[in-house]
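Here the structure comes first, spelled out in structure tokens, and everything after it is commentary.
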Amino acid sequence: MTETPDRPDPSPVLHEKRTYRQRRLMDAARVAPVLALFLWMVPLFWPQSADGGVSSATAIIYIFVVWAAVIVLTWVLSVALSRITRQDPQDDR
């Protein structure tokens, strides 16, 4: 008769705070271009009729505002990622 050895329950995976934040910021940096593409495509769904349509000037302003927001977002993400990667691993305690 074969007995199964007592195995300890698998412990939950816990990451260091710095590693967890770095991974989430990297995820955000990966999603940013997809979000930007989606936001740039929004004017394609606006009504184009002469009665209640959106003017092309409004659409162009929207596109440039999104463009500026994407620039700011990527700058913030890059600064945050560079700060986290420069931190000493001993600072997590």
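The values are calculated or read from the model by the stated rules, or taken from the named source; none is laboratory data. Please read all numbers here as calculations on a predicted model, not as lab measurements. Note that we place each Cβ from the backbone using ideal geometry, even for glycine, and neighbour counts take in every protein chain shown.
Can you tell me which residue in region 39-56 is nearest to Asp27 (Cα to Cα), limited to those that are under 29 Å from the mean Cα position of the chain (by Cα) and loosely packed, with under 11 Cβ neighbours inside 10 Å? Only one residue fits best here, namely Met41.
Taking the conditions (1) among the aliphatic types (A, V, I, L, M); (2) at pLDDT below 90; (3) exposed (fewer than 12 other Cβ atoms within 10 Å of the Cβ) in turn, Leu81 satisfies each one other than (3).
Of Ala29, Ala68, which residue is surrounded by 11 or more Cβ atoms within 10 Å (Cβ to Cβ) and either assigned to a helix (DSSP H, G or I) or at pLDDT 85 or above (or both)?
Working: Ala68 fails: surrounded by 11 or more Cβ atoms within 10 Å (Cβ to Cβ).
On inspection, the qualifying residue turns out to be Ala29.
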